[in-house]
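Engineer: Quick one: structure below, then a few questions.
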Amino acid sequence: MAEDSQRVNRLASGLALILDGGEDRKESCQKNRLISYCDDFGEQSLERTLEHVFDLPSKTINLLTCQIDADVICSIIKNGTLRTVDSCRDGVSGVVDGCGASVVKIEESSVCGEFQVIRPPLLVESHAMFSSARASTCVWKGKWMYEVTLETAGLQQLGWATVSCPFTEHTGVGDGDDSYAFDGERVLKWNLNAEPYGESWVVGDVIGCCIDLERDEISYYRNGVSLGVAFNGIRKMVPGLGYYPAISLSQGERCDLNFGARPFRYPVQDFQPIQAPPLTNQLASRLLHCFSKLLNMWRGERTGHSMEKMRRLKRFMPVDELYNPVSRGICMELFSALDANIESAEYIGWGPLLSFLMDVFRDHAPHDYESLDRVLDTLLDFPGSTLVFEHVLAALSHCCKTASIVLRESPYSGSYPYLALACHMLRRENLMVIWWKMSAFEFLFEGFLSQRSPNKEDLQHMIPSVWWPGSCEDISYESSMMLTTRTLSETIDKIEEKHRDLCSLVMQFIPPVTPPQLPGSVFRTFLQNIILRNRGADRNIPPPGVSSNSVLVSLFTVILHFLSEGFAMRDCGWMMGSGTGKGSNLGFLHRGGQQSFPLQLILKNDPHRVEISRLGGSYTHLANCHPVNLEPEAEVVRWEEGCVDDEETRITHADIRKPCCCLSLDVNFTRISKSPFRCTTRASQSHCNSIPERSAQVAAECSAGNINDEIADKPSTSDQSDSEFGYRSVQHVRVVALESTSSSSTLVEEELLDAMLLLYHLGLAPNFKQASAYMSRQSHSISQLEETDRQIRERGSGEQLRRLKEARSLYREEVIDCVRHCAWYRISLFARWKQRGMYAACIWTVQLLLVLSKMDLVFSYVPEFYVETLVDCFHVLRKSDPPFVPSGMFIKQGLASFVTFVVTHFSDPRISSAELRDLLLQSISVLVQYKEHLTAFESNQAAIHSLPTALLSAFDNRSWIPVTNILIRLCKGCGFGLSKHGESSSTSSVFQKLLREACIKDEELFSAFLNRLFNTLSWAMTEFSVSIREMQEKCQMIEFQQRKCSVIFDLSANLARVLEFCTYEIPEAFLSGVDTNLRRLIELIVFVLNHLTSVADPEFFDLTLKRSGQTPEKVNRGMILAPLVGIILNLVDASLVTDSREQNDIVGIFASMDCADTLISGFQYLLDFNWAGSFKGDVHLTKLRQLENFSSHLISRTVKRVSYNEETENDDNMCCICYTCEADAKFLPCTHVSCFGCINRHLINCERCFFCNATVLEVIQNDAKTCEI
């Protein structure tokens, strides 16, 4: 009885899934038939079980007297009804191969341009400016389709064309009659002319190209969603002369064509593939369906499902006893069919077998690992499984690349189910070996790491409800959006976790080769080839063959997690830093203590790094001119964490005060968020952050950092002066030899860090730049929406109100789009652990750079991307919103060494790239405008020691804009008219004092600086006046010209402020000694006043200064008039405390200007200007009275000077340049004469005679004094 009871239980569980899971199966008749034979329970249970598995009618199988094995099962299958039926395919004609199959290919004779097959069968790339081609098969009747998977998302035209459609270098599909195309990059459809159609496409999209010759229509599908009918009424064709699938690609574009050689990713009902599927497909589908039924019975038996119901139905025998022979018989028939038609293996692997494995595994948790393992055990026993599993892995990779995140399926959405299945399969060594041996191993690896980015329409489905603070949307949208973003964040977390699992498997894999390799060698090779393939990916026009951006981002994220969070639970304990005695579960970036770095990563010229720029230039140049006399293979540099920092500011992981990346802050930073929307992810238990600007765009935070590309280079007579470059000694740094062991060949964490920095530079930085653009657009659109709402409230009715409502609708749509994109960037790019890792990576990298900078030659070999990534990542974290940490802690608690690096290397002559030095200088310019960051500079010894002198030296033809911005932010606190709006908040009395000391200490440096300052301000005002005059002549306000005028005016005002500071802190430079500086200064004041007062249309002038978001009270002529007044009053005040006998005559030099009317009208303009808007209270009245007194005295002196000049205008000894002084000096050897003052000023900038342009060797005064040049 006990045995009978156990048998009943087993039988019950074998049928459980059939009875309870019937709704999942369409064969309801099978379920009814099983129950109808209950009265025969116990009779021929083996036969009845087999009939059920193979969908055979009841009692079809007679009593089996032999032992049941795989051969018997094969006989049952062959004698059963598993037959294939050929479908009707009338209306298509193509080329038939030698085996009788019609294989659709690219018709080589139709190719115009150049196509290269990147991977069989039809992954093609254009290597010409514009390449076009047709397929080898045409259709003239019925409904047909083919699919195109986009490997790139640029200019491609996909569609249909007849054989008469001409292809040229400039015309392709859609550019002629009977030629139709869709272009998702420009969102147009083409048939001779272009019209808007469809949606924009992205990398990974699958475009279905359908032609319905019954309705004479062509339509397109994007990822299975119809884009609507694109063309109707197309011309009917005749047999043999139909429409061919056709494509046109611009240079570098790639796509994967599927005419039916593989199952469609998104089949469309009633549309057939142009290439017929193999007949084996039907048999394979039926066999795998039987296998699935067998497995379902085994699952039910294993779980003991519906026991009471099954006790009454003793019809089936225990499945566990039948599983092996039945499953093996099914597989024998399957692989026998594949052996007979080997070409069908691809279709079977991509279609029925992949679907079967996914059904067994389940695409969401909990996954059925036990069932999948049992299936894999059975399949892998057959030799033919190798080929079919190659195709299964290729199909899984393709699915990861094309999968879309669907909100209702999250968090088990996107590429997660395919990655989960692949990871579990690849835990088997034999499957990993199969994958590794494939020629497409790296291509498939990239596919697994790909994620399809959403476009506007995708985001509408992913984030249906949108809300932002201050919006008029339904308040319920806020909680809905919070829930949505949390769910999507969990989806991204699960996908990233599977990426890490997959990469861990590859890292652990030891390939079966001789000589044996160490763990990590396969992953290292993959990384190196990725880097090699993506050289130039950061260019405006990347070269052909670069990887998808999502691959680079995924790899960066995987490596960042390994280095920051450690390799715990991933069996990578063999990985350790160079020279580290043992591994550690603590993340590499957070270990602290003694740090080390193998110099071979920098000094070696590996093939994958050949074209990577180094700080000192190209590797070839450095190797020839500055070879390093070290053995790169045997050198490691070591240092103690924090050794490059000042003692007072040093913070390390070993200290009680931890760096920001290791803090546990119980602060709700969203309270100080500037973002229009914030969200919290449950997966990361932290606030998502907004994305800041790309560091290459740091200059956008400066007042005029982006004008360099828009205005001509200004003239300058001075060459850049190299500043004295000094280094501070660094303690606890040493270079030691590597142990000569096999560990030197192991993949080390420093090697991953090196690759991670480059991946950030190539992949992450462009994403941050794009996200920053959306953040800016979002802020601007919200402002426009709010302003429109205000105007609507003020308008009662009328036409203007209607237009305002239309504008509001457009602004609202743009805001919603921007909010969705910004939310997606927060979700996909940021999590708390990512911020933590990026901050730690910044600490590690900047300390490495400072250590290497003490090794002169080695520093020159450092790749440029180390510095670019450091600066970019620093500003990404600095501008994150909500903030990663409070801004006051950001630099002081971990990144003080960043300040040291930028101030000591923005003028480092070892950095050959001027753009890179500019990037460091712009970083300083951005940081010093914030008081909390300025204090970090004031407490940094390197900044105190070198910054003032370096800034004065760097004020040259290229760097004058950021240097001016830095100086103005350090020194503007004491200027005239700066007391109302609080502009002095970032003023630094520390650096004002240091700058004054630097100018006094080095008179030659200060004199050169003043000369360049005078020249630059003169050029800026001239450029400003010319631009205004051009717009006035055209009678229109051109946006670019207006922006240019606005920016140049800001620069001129800033330059004038710097001059004001010089006259305040160092008045003796103008009042004492030779009057050259004072005379040039006064000439410049008169020059500026003349340009400001001589404008024909004052209203037009004011319009040129107008800019978005700023009121006329803050942006007006007073911006440049105020520093001019400040300069005059500073000189007057200084003259009152200086012995008049030893100082230059300010009033006299003003009065000597040969423009009395301009001078008088200019000072009157200063007195009449409305200064009340620049001051609080009446504080300006005293200053203006002082200016009025000076003006009265000046006007009196000027009138007397004019009268005297009229009496002596016939004096032949008068200087013909200034007409003020006696011509008391002459040039040699040309002997032309002028006054010594004019000659002296001229020779500052030019060593040629201003009469004949001859080279001047010396100047002789009338009193016989000689000045050599």
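The values are calculated or read from the model by the stated rules, or taken from the named source; none is laboratory data. These numbers were taken from a predicted model, which means no experiment stands behind them. All Cβ positions, glycine included, derive from the backbone under ideal geometry; neighbour counts span all protein chains shown. The protein model used for the area step is the full one, side chains on, heavy atoms only, and it has no ligands, DNA or RNA in it. Shrake-Rupley method; radii C 1.70, N 1.55, O 1.52, S 1.80 Å.
Engineer: Is one or more of the residues making up the range 386-397 over 33 Å from the mean Cα position of the chain (by Cα), closer than 29 Å to Glu47 by Cβ and open to solvent by 50 Å² or more (accessible area, probe 1.4 Å)?
Structural biologist: There is no residue in the range 386-397 that is over 33 Å from the mean Cα position of the chain (by Cα), closer than 29 Å to Glu47 by Cβ and open to solvent by 50 Å² or more (accessible area, probe 1.4 Å).
Engineer: Could you tell me whether any residue of the range 250-266 is open to solvent by 40 Å² or more (accessible area, probe 1.4 Å), more than 25 Å from Glu108 (Cβ to Cβ) and not assigned by the TED database to the domain that holds Gly349? Show your work before the answer.
Structural biologist: Step one: list which residues in the range 250-266 are open to solvent by 40 Å² or more (accessible area, probe 1.4 Å), which gives 251, 265-266.
Still in the running and more than 25 Å from Glu108 (Cβ to Cβ): 265-266.
Next cut, not assigned by the TED database to the domain that holds Gly349 only: 265-266.
Within the range 250-266, one or more residues are open to solvent by 40 Å² or more (accessible area, probe 1.4 Å), more than 25 Å from Glu108 (Cβ to Cβ) and not assigned by the TED database to the domain that holds Gly349.
Engineer: Let me ask something else about it. Under the condition of being open to solvent by 20 Å² or more (accessible area, probe 1.4 Å) and in contact with a Leu (Cβ under 8 Å, 6 or more places away or on another chain), which residue from the range 220-249 is farthest from Asp177 (Cα to Cα)?
Structural biologist: Restricting to residues being open to solvent by 20 Å² or more (accessible area, probe 1.4 Å) and in contact with a Leu (Cβ under 8 Å, 6 or more places away or on another chain), the top hit is Tyr221.
Engineer: Please enumerate the residues belonging to the range 155-188 that are crowded, with 22+ Cβ neighbours inside 10 Å and of a type outside the set (A, V, I, L, M, F, W, C). If you could, list the steps in order and put the result at the bottom.
Structural biologist: In the first step, residues of the range 155-188 are kept if they are crowded, with 22+ Cβ neighbours inside 10 Å; the result is 156-161, 165, 167, 172-175, 179-184.
Gln156, Gln157, Gly159, Gly172, Gly174, Asp175, Ser179, Tyr180, Asp183, Gly184, listed by residue number.
Engineer: So, restricting to strands (runs of 3 or more DSSP E) that lie completely within the range 169-236, which ones have at least 2 residues that are closer than 18 Å to Thr149 by Cβ? I'd like the intermediate steps shown before the answer.
Structural biologist: Working: elements: 179-183, 188-191, 193-196, 206-212, 217-222, 225-232.
Qualifying strands (runs of 3 or more DSSP E): 179-183, 206-212, 217-222, 225-232.
Engineer: Can you name the residue in the range 402-433 that is open to solvent by 20 Å² or more (accessible area, probe 1.4 Å), assigned to a helix (DSSP H, G or I) and out of contact with any Cys (no Cβ under 6 Å at 6 or more places or on another chain) and is also farthest from Leu532 (Cα to Cα) among such residues?
Structural biologist: The extreme case among them is Arg408.
Engineer: Return yes when Asp956 is within 36 Å of the chain's Cα centre (by Cα), closer than 24 Å to Leu1124 by Cα and not in a helix (DSSP H, G or I) and no when it is not.
Structural biologist: Values: within 36 Å of the chain's Cα centre (by Cα): yes; closer than 24 Å to Leu1124 by Cα: yes; not in a helix (DSSP H, G or I): yes.
Spelling it out, Asp956 is indeed within 36 Å of the chain's Cα centre (by Cα), closer than 24 Å to Leu1124 by Cα and not in a helix (DSSP H, G or I).
Engineer: Given the structure, is Ser489 assigned to a loop (DSSP other than H, G, I, E, B), touching a helix residue (DSSP H, G or I) at 6+ places or on another chain (Cβ under 8 Å) and hydroxyl-bearing (Ser, Thr, Tyr)?
Structural biologist: It is false that Ser489 is assigned to a loop (DSSP other than H, G, I, E, B), touching a helix residue (DSSP H, G or I) at 6+ places or on another chain (Cβ under 8 Å) and hydroxyl-bearing (Ser, Thr, Tyr).
Engineer: For residues that are over 60 Å from the mean Cα position of the chain (by Cα) and closer than 13 Å to Gly80 by Cα, tally how many sit in the range 49-65. Step through it out loud before you land on a result.
Structural biologist: Step one: of the range 49-65, the residues over 60 Å from the mean Cα position of the chain (by Cα) are 57-65.
So of that shortlist, the ones also closer than 13 Å to Gly80 by Cα come out as 57-62.
Summing the residues that are over 60 Å from the mean Cα position of the chain (by Cα) and closer than 13 Å to Gly80 by Cα in the range 49-65 gives 6.
Engineer: Can you pull out the residues in the range 492-511 that are in contact with a Cys (Cβ under 9 Å, 6 or more places away or on another chain) and open to solvent by 10 Å² or more (accessible area, probe 1.4 Å)?
Structural biologist: Lys498, Asp501, Leu505, Gln508
Engineer: In the range 462-476, which residues are more than 24 Å from Ser783 (Cβ to Cβ) and either charged (D, E, K, R) or open to solvent by less than 30 Å² (accessible area, probe 1.4 Å) (or both)?
Structural biologist: First, the residues of the range 462-476 that are more than 24 Å from Ser783 (Cβ to Cβ): 462, 464, 476.
Listed by number, the list holds a single entry, Met462.
A quick yes/no check of all residues on (1) open to solvent by less than 20 Å² (accessible area, probe 1.4 Å); (2) within 30 Å of Leu1181 (Cα to Cα); (3) touching a strand residue (DSSP E or B) at 6+ places or on another chain (Cβ under 7 Å); (4) at pLDDT below 80:
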| position | (1), (2), (3), (4) |
| --- | --- |
| Phe955 | yes, no, no, no |
| Ser959 | yes, no, no, no |
| Glu1004 | no, no, no, no |
| Trp1019 | no, no, no, no |
| Glu1030 | no, no, no, yes |
| Glu1033 | no, no, no, yes |
| Gln1036 | no, no, no, yes |
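Engineer: Condition (residue is touching a Gly at 6+ places or on another chain (Cβ under 8 Å) and surrounded by 15 or more Cβ atoms within 10 Å (Cβ to Cβ)) applied to the range 477-491: is it met by at least one residue?
Structural biologist: Within the range 477-491, the first condition is being touching a Gly at 6+ places or on another chain (Cβ under 8 Å), and the residues that meet it are 491.
Still in the list and also surrounded by 15 or more Cβ atoms within 10 Å (Cβ to Cβ): 491.
Yes, the range 477-491 contains at least one residue that is touching a Gly at 6+ places or on another chain (Cβ under 8 Å) and surrounded by 15 or more Cβ atoms within 10 Å (Cβ to Cβ).
Engineer: Another question about this same structure. Can you name every residue in the range 117-141 that is open to solvent by 10 Å² or more (accessible area, probe 1.4 Å) and part of a loop (DSSP other than H, G, I, E, B)?
Structural biologist: Pro120, Pro121, Leu122, His127, Ala128, Met129, Ser136, Trp140, Lys141
Engineer: Being open to solvent by less than 50 Å² (accessible area, probe 1.4 Å), assigned to a helix (DSSP H, G or I) and of a type in the set (Lys, Arg): is that true of Arg812 here?
Structural biologist: On the way: open to solvent by less than 50 Å² (accessible area, probe 1.4 Å): no; assigned to a helix (DSSP H, G or I): yes; of a type in the set (Lys, Arg): yes.
No; evaluated as a whole, the condition is false for this residue.
Engineer: How about the range 900-926: which of its residues are buried (at least 20 other Cβ atoms within 10 Å of the Cβ), more than 17 Å from Val644 (Cβ to Cβ) and among the hydroxyl-bearing types (Ser, Thr, Tyr)?
Structural biologist: Ser907, Ser923, Ser925
Engineer: Does Asp1224 satisfy being loosely packed, with under 15 Cβ neighbours inside 10 Å and either at pLDDT 75 or above or over 15 Å from Asp1157 (Cα atoms) (or both)? If you could, list the steps in order and put the result at the bottom.
Structural biologist: On the way: loosely packed, with under 15 Cβ neighbours inside 10 Å: no; either at pLDDT 75 or above or over 15 Å from Asp1157 (Cα atoms) (or both): yes.
The answer is no for Asp1224.
Engineer: Just need a number here: residues in the range 457-509 that are over 13 Å from Ser410 (Cβ atoms) and hydroxyl-bearing (Ser, Thr, Tyr).
Structural biologist: 7
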